[in-house]
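For reference, the structure is listed below as structure tokens.
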Amino acid sequence: MASFDQFTAAALDAATSPHLAGTVHGFMGRGGGVSAGVYATFNLARWIGDDGEAVAENWRRWRANYPGLAVASVAQVHGATIHRVGRGWGDARPEGDGMVTAESGVALGVFTADCAPILLADRARRVIGALHAGWRGTIAGIAGAGVRAMAELGARPEAIRAAIGPTIGLCCFAVDLELAERFAREIDGAAAFARPGRPGKAYLDLRGINRMLLERAGLKPEAIDEVGPCTRCASDRYFSRRGAGGVTTGLQMSFIALAV
Ligand SMILES: [Zn+2]
């Protein structure tokens, strides 16, 4: 009889980026877990109303795939606060939307369902970061704040490589025209990432805007990868709040750790 661990190891499917080679990282999707309903199936977030035993089983499966890694996370509030974490971080979840570390053995995990998960690494300096960038965090400057926090740990922005994971795309991210205009006002160059929509609406390219902001923070254009589809278009494989009609859904985890 095959061991359960072997079965679940094969069942978990995480998207990765060649840009982050040399780290342990992944953009998890919603498949491979046991949660039900709006949380189906691979929800790892304990704090959004999902059944505790189902979440625990999902974590058991994740740990079978990534043994020996503690996962640090924060209570995401759509801001631009970055926390410096280490192996002793434990289960603390202070408010914030990004984490950085120079220690191995701890994974930085961010949770999304349409917002942009951004993973970063300066491999030579051994400094990594993980960011959650929804529209509020994007306007608040989370991309630049994350790069600066990495630089404080010794990373060089021109050596940082990044991957922006599954995010709601320009195809589906319809917003009120006022919000598109606010982006254009508050972020120089953001207007180039908007498209007209129905009257009073516009479409925004959240990944494109964050890519621009990462470049502005010092990353080279070729150092920024985009991984995975639009979460709403692929809501069978990824949690999507818009795809679920704006209600609570499970959250997918994107994570990065330094290789030991
Ligand atoms: Zn789409």
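The values are calculated or read from the model by the stated rules, or taken from the named source; none is laboratory data. What you are looking at is a predicted structure, and each value in this text was computed from that prediction instead of being measured. So basically every Cβ, Gly included, is an ideal-geometry build from the backbone, and we count neighbours across all protein chains shown. Just the protein is used for accessible areas: all its heavy atoms, side chains included, with ligands, DNA and RNA removed. Shrake-Rupley method; radii C 1.70, N 1.55, O 1.52, S 1.80 Å.
Given Arg125, Arg136, which one is at pLDDT 95 or above, outside any strand (DSSP E or B) and touching a His at 6+ places or on another chain (Cβ under 6 Å)? Steps first, please.
Details: Arg125 fails: touching a His at 6+ places or on another chain (Cβ under 6 Å).
After ruling out the rest, the residue left standing is Arg136.
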Review point. So which residues in region 137-151 are open to solvent by 10 Å² or more (accessible area, probe 1.4 Å) and touching an Asp or Glu at 6+ places or on another chain (Cβ under 7 Å), if there are any at all?
Key: Ile139
Practice item. Scan region 211-249 residue by residue and report those that are modelled with pLDDT of 95 or more and touching a Ser or Thr at 6+ places or on another chain (Cβ under 6 Å). Key: Asp225, Val227, Thr231, Arg232, Tyr238, Phe239, Ser240, Arg241
Practice item. Among the residues of region 212-228, write down those that are under 14 Å from Gly137 (Cα atoms) and under 15 Å from the mean Cα position of the chain (by Cα). Key: Leu214
Review point. Does region 140-153 contain any residue that is outside any helix (DSSP H, G or I), more than 15 Å from the ligand (Cβ to nearest atom) and touching a residue at least 60 places away in the same chain (Cβ under 8 Å)?
Key: yes
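State yes or no: is Arg156 within 22 Å of Glu222 (Cβ to Cβ) and either more than 16 Å from the ligand (Cβ to nearest atom) or crowded, with 22+ Cβ neighbours inside 10 Å (or both)?
Details: within 22 Å of Glu222 (Cβ to Cβ): yes; either more than 16 Å from the ligand (Cβ to nearest atom) or crowded, with 22+ Cβ neighbours inside 10 Å (or both): yes.
Spelling it out, Arg156 is indeed within 22 Å of Glu222 (Cβ to Cβ) and either more than 16 Å from the ligand (Cβ to nearest atom) or crowded, with 22+ Cβ neighbours inside 10 Å (or both).
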Point to revise | Criterion violated by Asp97 - all others in (1) acidic (Asp, Glu); (2) more than 13 Å from the chain's Cα centre (by Cα); (3) buried (at least 23 other Cβ atoms within 10 Å of the Cβ) satisfied | key: (2)
